[in-house]
Amino acid sequence: MTHRKQTFWYYPLLLLFVLWALKFIELFFDVRFTRLGIYPQQLSGLLGIITAPFIHGSVKHLLSNSLPVFFLISALNYFYPRLSLKIIIWAWLLSGTGVWLGGRFAWHIGISGIIYALASFLFFAGIISKNRRLSVISLLVVFVYGGLIWGIFPNDPNVSWEAHLFGFLSGIILAYWYAPDIKKIDKKTIKKTVEDFTEYDTSFGEMDIHYKIKKEDE
């Protein structure tokens, strides 16, 4: 068992620990970190590009995001270890900046934008690779997270569809921006990686996202 195979899930697990620790702090001390979210086109909301993904409106909101975050970051770390950190950083910044520039005037919180970005990247990267084995990941993303596409439309006033939309677009941009690196991945490496990864249980079911936004107090 390789070192990468042993550790690809450490960092998403650490991120989940931080997310849940912050939620427990909110609950235990009866405080709200909503204003660490993104408030579009306001300097006070600019910091939220970095901090908003750490904040969730409720335990249910965080629960619905926890498994997708763990699976998608784990998959990214495993299949694209040399690109994973770059993809996560850019997905974080691009999706957040998009919300700050084009979102509704409300506090946007949660990590759903990054979830959309990573799911989008994994799907399109698998297609760009033109490798049948790596394309399996595209099919897996569609099978598990196919319902994501509806989240990019304004169906619910309490759902930040803007974060979903800009996250989805960020994933596409990153997949094509890093296309040369994706295509350079050795086919034997891809074969071994896919075979190893399928030893893990990835049957997570369909994701239910409740991406909350809090309007600024009047």
Of Trp92, Trp100, the only residue that is free of Cβ contacts under 8 Å to residues at least 60 places away in the same chain, surrounded by 20 or more Cβ atoms within 10 Å (Cβ to Cβ) and part of a helix (DSSP H, G or I) is Trp92
Tyr116 passes all but one of the listed conditions (1) at pLDDT 85 or above; (2) under 16 Å from the mean Cα position of the chain (by Cα); (3) part of a loop (DSSP other than H, G, I, E, B); (4) not small (Gly, Ala, Ser); the exception is number (3)
Taking segment 23-51 and the residues there that are aliphatic (A, V, I, L, M) and under 18 Å from the mean Cα position of the chain (by Cα), the one that is surrounded by the most Cβ atoms within 10 Å (Cβ to Cβ) would be Ile38
For this session: Could you tell me whether Pro180 is assigned to a helix (DSSP H, G or I) and out of contact with any helix residue (DSSP H, G or I) (no Cβ under 9 Å at 6 or more places or on another chain)?
Result: yes
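Of all the residues that make up segment 142-166, how many are among the aliphatic types (A, V, I, L, M) and touching a residue at least 40 places away in the same chain (Cβ under 8 Å)?
Residues in segment 142-166 being among the aliphatic types (A, V, I, L, M) and touching a residue at least 40 places away in the same chain (Cβ under 8 Å): 5 in total.
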For segment 61-109, the count of residues that are more than 26 Å from Leu46 (Cα to Cα) and among the basic types (Lys, Arg) equals 1
Checking Leu169, Leu139 in turn, the sole residue that is assigned to a helix (DSSP H, G or I) and free of Cβ contacts under 8 Å to residues at least 24 places away in the same chain turns out to be Leu139
Within segment 64-83, residues of a type in the set (Gly, Ala, Ser) and either buried (at least 21 other Cβ atoms within 10 Å of the Cβ) or touching a Leu at 6+ places or on another chain (Cβ under 8 Å) (or both) come out as Ser66, Ala75
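The values are calculated or read from the model by the stated rules, or taken from the named source; none is laboratory data. Everything numeric in this text was worked out from a predicted model, so none of it was measured. Neighbour counts are summed over all protein chains in view; Cβ atoms, including those assigned to glycine, are modelled from backbone coordinates with ideal geometry.
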